[in-house]
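K.L.:
Take this structure, written in structure tokens, and hold onto it; I'll ask about it next.
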Amino acid sequence: MTIGNIIILVLLSASLSFFSFRLLHLLKLIALGQGALPLDRKAHRIKRLLIDGFGQRRVLKQFSGVGHFFIFWGFFFVSFGTIEGLISSIIPRFSFSFLGDPFYLFMNFGQDVFGLFVIGALLVSLYRRFVIRPVRMEGAFSHTVDALIIITLIFVLLIMSYGMRVIDPKPGWTPVADVLREFIFHGTVSSTSYSVAYASFEWIHHSVVLCFLIYILYSKHTHILFALPNIFLKPDKPLGLIEKLDLEDETVEHFGIQGITDFTKKDLLDLFACTECGRCQEACPAYITGKPLSPKKVILNLKEHLLEAGPALLKKSETEFSQPLYSDVINKDMLWSCTTCYACEEACPVGIAPMKKIIGIRQARVLMEGDFPEEAQRALRNIETQSNPWGLPQQQRGQWAEGLGIKTLAENPDVEYLFFAGCAGSYDQRYISVSKAIAAILQKAGIQFGILGNEELCTGDSAKRIGNDYLAQELAVANIAIFNRYGVRKIITSCPHCFNTLKNEYPEYGGCFEVIHHSDLIVDLITSGRLQPHSRLPVDTKKITYHDSCYLGRYNQIMDAPREVIARLKGSKLVELKRNRENSFCCGAGGGRMWMEEKIGTAINVARSREIIDSGVDTVATACPFCMNMLADGIKQEGRVEEIKIRDIAEIVAEAL
Amino acid sequence: MKIVVLIKSVPDTASIFKVAEDNKFVVIGNPKFIMSPYDEYALEEAIKVKESVSGEVVVVSFGDENALEVMRTALAVGADSAILVENSDADSFTGKGVSKVLAAVIKTLSPNIIFAGKQAVDDDGCQVPERVAEILGISHASAVTRFELQGLTAEADREVEGGYCTMEITFPALCTVEKGINTPRYPTLPNIMKAKRKEIRKMTLEELNLSADDVRPGLTVNSISLPRQERLLKKLEGEIGAQVKQLTSILREEKIGL
Amino acid sequence: MSILALIAQQGELKSSALEAVSVANQIAQKADMQLIAVYIGPPLADQLKRLEGFGIEKIVVFESEAVTYYQNDICVPILQKLVTEFDIKVIIGSATSIGKEVCASIAAKLDAELIQDCIEVDWDDGLQAKKPIFAGKIISDISFTNMPAIISVRPNILPVIRNREGAPEIIKREMPHVPHAKSIKNIVREAKSGVELTEAKVIVAGGRGIGGPENWPVLQELCDVMGAALGASRSAVDAGWIHHTHQIGQTGKVVSPDLYIACGISGAIQHQAGMRNSKVVVAINKDPGAEIFSSCDYGIVGDLFEVVPLLTKEMRKLLS
Ligand SMILES: Cc1cc2nc3c(=O)[nH]c(=O)nc-3n(C[C@H](O)[C@H](O)[C@H](O)COP(=O)(O)OP(=O)(O)OC[C@H]3O[C@@H](n4cnc5c(N)ncnc54)[C@H](O)[C@@H]3O)c2cc1C
Ligand code: SF4
Ligand code: SF4
């Protein structure tokens, strides 16, 4: 061993100790969270890791993601070479060639080529960050410095490794290095004559690597380490499930998220996996319309709080309470602006869940403090007494179906389907016409169905997402008891919120039913020929668009059925809105926002309505009562009632029968 | 500071009724019983006072077993204890009888302040709290819209025809409250759970030394009618002028909003 | 045996007192009892003349500037004495906020039954009254089986009828001195125009159909005539035509007036959530298919700019 070898060894050990020390600290912070890390369904998780992680699926949704794709893979290859280089500086002549030729040669090739791509991508990213400055990247000054440091480090690292490879060629095809060598030295280089240059390159390269190792865990680039595990550990549950709290457990002292340690370990891992890319923020309807909520900010504030409060928390005994998050870390307007549209979680390339954290904090506000917007309290009280948010008489719930020849299950339980009309479908005059359209379609297709009438209760979606898990659970249990009493097995819903709750949340209470949204049902009926619409859109409908409901689309991946329903009708010209399908823009009603005033910024429904107006359509099809109400209001507010009609797909079909 | 709140359990205001054979009304479906909304304001005011000085809040009610749930709600919201004078026939008592029952209970508690709603939204009786105060021989103020404790006295506003007045109240006293005096809080889950375990003290008329004579009603209901259970949905017809005339004459005849 | 009419007022005779006196007169005639009236408060001076024509035999007047307010601490003992002095069997007051308090107090003292807020009173071998309960969803027809019997009558419902000759005998008495626990600091009177939405008996509300903020006067005039409060739909609020404090609905105010007149409001469920407790709903809308027509009592299909001014005119005639 030479002195050089020893120095490298010492430096590397120092740097690795720093790295491990920091890593351990972060892991300890993560371990402050509750529960275990989920590891079920490994095969599925691995598949997701391959697609979303290594395949960078969500990153690649945006063009700028291509750059990251190269950086990611470049980093992968470069690390291979870096490790090899480091070891060979300690143990001379070490090489990974023992891994076998094709592989080793391929890795060398990868390093060489991807290195160039990475340099390109870095330049582009510098250009984007400092010249284009996309909003989603905005952050504190320190973040910019941070980015600059990292970019510089990688940049230097790559240049150095090219330098080394130019002087000392590696086996295999390394086109970039070859071209450079050809260009600078016109052919071969005698490595001995350039040994000083090589050594300097090597030293600079190694110093950078060692600095990088130390720096990385103190910077925002913790994601380099945590992103892949985070993708792997992402909960493997239905997206639309907000898991029920264990309210029976007498030992639990508080419910919901009050302090940072109330989060699960995976939630805390999220904080370090965040790349601060801002994709979530860019998709967030609350943020876009000027509310103080940004899902990215939620994650960053929590991370900052954890790093700050962490050391003290680690010292304290486990039972001790962490500082409350509400107000300082996540304030009132951030908390209540969320429409639970799921856009943030859909957009996040590394499997972070900002929305679920928001709901957790809401739960604590509602269950522990009774502190939430007054209008929402009113809605919940109404649900408590009359089982609908408007407080209309429970005894009139079934009135909408009078005179339509629809029987209740009490009158005739021997039917195949329960049609669950939902609160809006039972009380809102506008949406009652959709309930009637669905009933007409079912009758026409000869489907045996019944309703619950006055026995039907609110499913509890709004209560759940406002944070009142107690009320939501009561409703779920009561509804399931009624379903079971009549032996219900298949449920048709017209409301995506009912659909999501019945389908994804009721199984937690032992209520497992086949839940079908009316859009899927209609497509089935048409496909199977049981329904034959005389295949024409109404004459005044020339250009039609479909607005995706978050709870149907992003939550439950029902995006084709409503479109297909429209496509089946002749004369239809379906125009897609700018933001559609899983990238669709919320109407503003979810998460209980339907029952609250929207006082800050532009109204979300107005923003979406403008997009609809800009698309130049004369009809918007919807498949959700809240969307319908919100968009109707937005379009009214923009003064376009005369020009743009809002119809549920069921109404369109019923009319074409 | 000891505060008593009188509360009543009533069918939710969105209930729909029908007439039963014995000329009583019944609620259709499974009626949901709620705390009479004005009582919610009274309870909230009591808890606010309690929180500003130390003290305890006792809720007292007279009713059948339906009242239990409402008493639990009161405990969940922040009352310290609850007393229910249970009587399956409570509905047939008039204000005269009910006030005697409540006064008998309160006498044993000697509170500094009694709060109550200005009326119960079922029978709209508007008399029980004032009667209780008179039986107890303490002063009272009705339909208070603002209540502020000032040491050993309180300042309160109440509505009078065409305005409001401010009064100074010395204790013991009873106040009935108007809506809008405060915003009733939403109960928290731990308190709901605790309330489930708290005991609701039940009392009978015998324990209170009340005889049937004391509480015998001096009223009988001859009949009841249900003029408006649902909206009439009457579209007026004819010339606009005629429609307007028709409307005004309906409003006049039915004495609506005049 | 006599009937006592309570003039529970504050230095000024209002129609509510006269209505109560009219009812008392009617009952006195039917039951063949003498009618006594009592007034306690600041001097009424020549306003007492307005109590002629109701067949009142005696008016007992306790006047004092010091009693700036009708206090039950003072008046209940007075009333109690009068009841024995004149062998009072029936007491009739008016169901104003103060009137109800006084009636409840005296009822307790006499251990008598009381029906507040009656909308019809009759005598048929005993006192009978009709009273709305459950916010008017039910009307209960009740008889008193015991005496004395006490009722308060809802203001602005029953007519003022003067059908008897002769002036009452005025008996002025000294206001007794009562050390009272509840002292009145001051009285603030508010102007009539600021009727609180949540407490208003009548609400006239406008929606997008109003067309613009410049048109509120059309509704305001009707409000003024009817003593109503002005409400609005969220559409009108969102358009910036009126402040949010006027918004009625799910996310605005929840109101429960006796009469709700919706002008140019489509009746969306989010609006209805705020006004569903109104006793009577009148809708004025030019679209016969508007949702409001499936949840109102009386609907007029027409342009509000034509209907409302006419209604204002008719109402003014009716109320003057
Ligand atoms: C989260 C949320 C909360 C909401 N909260 C509330 C709330 O608290 N309160 C509330 O009111 N709404 C609320 N809404 C809005 C509600 O959904 C409706 O959009 C709103 O009530 C409609 O108001 P409008 O009836 O005035 O307007 P429109 O629906 O536009 O109706 C106007 C009506 O006026 C009629 N009209 C037009 N011109 C005339 C004329 N010259 N003469 C007679 N009639 C005429 C038209 O025929 C039409 O029926 C809320 C909505 C959401 C999404
Ligand atoms: S769920 Fe929607 S509204 Fe809520 S933070 Fe995420 S993107 Fe924003
Ligand atoms: S949460 Fe996800 S989408 Fe949002 S900034 Fe972090 S990594 Fe990007």
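The values are calculated or read from the model by the stated rules, or taken from the named source; none is laboratory data. Predicted model, so just to flag it, every value in this text is computed and none were measured. Reconstructed Cβ throughout: ideal geometry from the backbone, glycine too, with neighbour counts over all protein chains shown. Side chains are part of the model used for accessible areas, which takes the heavy atoms of the whole protein and leaves out ligands, DNA and RNA. Shrake-Rupley method; radii C 1.70, N 1.55, O 1.52, S 1.80 Å.
K.L.:
Can you tell which of C:I284, C:I151, C:I36 shows the greatest fluctuation in a Gaussian network model of chain C with Cα springs below 10 Å?
P.N.:
Checking each option, the largest mean-square fluctuation is seen for C:I284.
K.L.:
Using 1/(1 + (r/R0)^6) with R0 = 56 angstrom and r between the beta carbons of A:R485 and B:E155, what's the FRET efficiency to the nearest 0.05? Could the numbers behind the result be given before it?
P.N.:
On the way: r = 56 Å, r/R0 = 1.00.
Computed FRET efficiency for A:R485 and B:E155 comes out at 0.50.
K.L.:
On alpha carbon coordinates alone, what is the Rg over Rh value for the stretch B:44-190, Rh being the Kirkwood radius? Display every interim value, and only then the final one.
P.N.:
On the way: Rg = 15.1 Å, Rh = 16.0 Å.
Ratio of gyration radius to Kirkwood radius: 0.94.
K.L.:
What Kirkwood hydrodynamic radius, in Å, does the stretch A:539-622 give when the mean of 1/r is taken over all pairs of distinct Cα atoms and then inverted?
P.N.:
13.7 Å
K.L.:
Please arrange A:Y427, A:Y194 by accessible surface area, largest first, computed with a 1.4 Å probe and ligands excluded.
P.N.:
Values: A:Y427 20, A:Y194 90 Å².
Sorted by accessible area, descending: A:Y194, A:Y427.
K.L.:
Just going by the charge dipole of chain C, with Lys and Arg at +1 and Asp and Glu at -1 on Cβ, which of C:F293, C:L44, C:I7 is farthest out on the positive end?
P.N.:
C:F293
K.L.:
Next question. Restricting to Cα pairs below 8 Å that are 6+ residues apart, what does the relative contact order work out to for chain A? Please round to a whole percent.
P.N.:
Once normalised by length, the contact order is 12 percent.
K.L.:
Non-local amide H neighbours of B:V5 (under 5 Å, H modeled in plane, Pro and chain starts lacking H): which ones?
P.N.:
B:V58, B:V59, B:V60, B:F115
K.L.:
Something else now. If you take the accessible area of B alone plus A alone and subtract the pair, what total do you get in square angstrom, rounded to 100, with a 1.4 Å probe?
P.N.:
On the way: alone 15030 and 28500 Å², together 41770 Å².
What B and A bury together is about 1800 Å².
K.L.:
Something else about it: Can you pull the mean other chain C-beta count within 10 Å for peptide B:244-254?
P.N.:
On the way: counts 13, 4, 3, 11, 8, 2, 4, 12, 4, 0, 4.
Rounded to a whole number, the mean comes out at 6.
K.L.:
Taking square-rooted eigenvalues a ≥ b ≥ c of the alpha carbon gyration tensor, is the stretch B:1-115 rounded, prolate or oblate, where a/c under 1.5 means rounded and, failing that, a/b exceeding b/c means prolate?
P.N.:
Taking the square roots of the gyration eigenvalues as a ≥ b ≥ c, the stretch B:1-115 is prolate.
K.L.:
Which cross-chain or sequence-distant (5 or more) residues have an amide H under 5 Å from the amide H of A:L531, H modelled 1.01 Å from N in plane?
P.N.:
The answer is A:I526.
K.L.:
So what are the ³J(HN,Hα) numbers for the stretch A:648-657, from phi and the Karplus equation (6.51, -1.76, 1.60; θ = phi - 60°), rounded to whole Hz, Gly and Pro as x?
P.N.:
7, 4, 5, 5, 4, 5, 4, 5, 8, 7
K.L.:
Mind jotting down the distance between the C-alpha centroids of the stretch A:455-511 and the stretch B:1-66, whole Å?
P.N.:
The distance from the Cα centre of the stretch B:1-66 to that of the stretch A:455-511 comes to 29 Å.
K.L.:
Given Cβ point charges of +1 (Lys, Arg) and -1 (Asp, Glu) and nothing else, what value in debye, to the nearest 20, does the dipole of the protein assembly as shown about its Cα centre take?
P.N.:
3660 debye
K.L.:
Another question about this same structure. Would you check the accessible area of C:R164, probe 1.4 Å, heavy atoms only, in square angstrom rounded to 10?
P.N.:
C:R164 exposes around 80 Å² with every protein chain in place.
K.L.:
Between B:I135, B:Y164, B:F147, whose Cα lies farthest towards the positive end of the dipole of the stretch B:98-191 when Lys and Arg beta carbons carry +1 and Asp and Glu beta carbons carry -1, centred on the Cα centre?
P.N.:
Checked the options; the winner is B:I135.
K.L.:
Hey, what's chain B come to in accessible area per residue, 1.4 Å probe, Å²?
P.N.:
41 Å²
K.L.:
Please report the antiparallel percentage of the DSSP beta bridges confined to chain A, to the nearest 5.
P.N.:
In chain A, approximately 5 percent of DSSP beta bridges are antiparallel ones.
K.L.:
Let me ask you something else. Per residue, how much accessible area does the stretch A:388-526 show when a 1.4 Å probe rolls over the protein heavy atoms, in square angstrom? Kindly include the intermediate steps, with their values, before the conclusion.
P.N.:
Values: 4220 Å² over 139 residues.
The answer is 30 Å² per residue.
K.L.:
May I pose another question? At 1.4 Å probe size, put B:D157, B:D89 in order of accessible surface, largest to smallest.
P.N.:
Numbers: B:D157 15, B:D89 80 Å².
Sorted by accessible area, descending: B:D89, B:D157.
K.L.:
With θ set to phi - 60°, apply the Karplus curve 6.51 cos²θ - 1.76 cosθ + 1.60 along the stretch B:211-224 and write out the HN-Hα couplings as whole Hz, x wherever there is a Gly or Pro.
P.N.:
Going residue by residue, I get 8, 4, 5, 4, 10, 5, x, x, 9, 10, 8, 7, 7, 10 Hz, with x marking Gly and Pro.
K.L.:
What fraction of the DSSP beta bridges in the stretch C:2-173 is antiparallel, stated in percent and rounded to the nearest 5?
P.N.:
25 percent
K.L.:
Which one, A:F94, A:I8, C:Q270, is farthest towards the positive end of the dipole of the protein assembly as shown when Lys and Arg carry +1 and Asp and Glu -1 on their Cβ?
P.N.:
Of A:F94, A:I8, C:Q270, it is A:F94.
K.L.:
Find the cysteines in chain A that fail to meet the 4.7 Å Cβ criterion with every other cysteine, and list them.
P.N.:
A:C211, A:C274, A:C277, A:C284, A:C338, A:C348, A:C423, A:C458, A:C512
K.L.:
Can you compute 3J(HN,Hα) from phi for each residue in the stretch A:52-69, using the Karplus curve 6.51 cos²θ - 1.76 cosθ + 1.60 with θ = phi - 60°, rounded to whole Hz and x for Gly and Pro?
P.N.:
Working through the residues one at a time gives 7, x, 5, x, 6, 4, 6, 5, 6, 5, 10, 4, 4, x, 4, x, 5, 4 Hz.
K.L.:
Excluding ligands, DNA and RNA, what is the accessible area buried between chains A and C, summed over both sides, using a 1.4 Å probe, to the nearest 100 Å²?
P.N.:
Chains A and C together bury roughly 1700 Å² of accessible area.
K.L.:
Here is a follow-up. How big is the dipole moment of the stretch A:1-102 about its Cα centre under a simple scheme where the beta carbon of each Lys and Arg is +1, that of each Asp and Glu is -1, and everything else is neutral? Debye, nearest 20, please.
P.N.:
Its charge dipole is roughly 540 debye.
K.L.:
Continuing with the same structure: What residues of the stretch B:164-183 lose no less than 30 Å² of accessible area with every protein chain in place versus their chain by itself (probe 1.4 Å, heavy atoms only)?
P.N.:
B:Y164, B:C165, B:T166, B:M167, B:E168, B:T170, B:K179, B:T183
K.L.:
If you don't mind, there's one more thing I want to ask. Based only on Cα atoms, what Rg/Rh ratio does the protein assembly as shown have, Rh being taken as Kirkwood's radius? Mind showing how you got there, number by number?
P.N.:
Values: Rg = 37.7 Å, Rh = 35.0 Å.
When Rh is taken as the Kirkwood radius, the ratio is 1.08.
K.L.:
Do you know the relative contact order of the stretch B:53-194, to the nearest whole percent, from alpha carbon pairs under 8 angstrom that are 6+ apart?
P.N.:
24 percent
K.L.:
Take every DSSP beta bridge whose two residues both sit in the stretch B:2-215, then give the antiparallel share in percent to the nearest 5.
P.N.:
Expressed as a percentage, antiparallel bridges in the stretch B:2-215 total about 40.
K.L.:
Sticking with this one: Apply the a/c threshold of 1.5 to the C-alpha gyration tensor of the stretch C:23-81 and tell me whether it is rounded, prolate or oblate.
P.N.:
Oblate.
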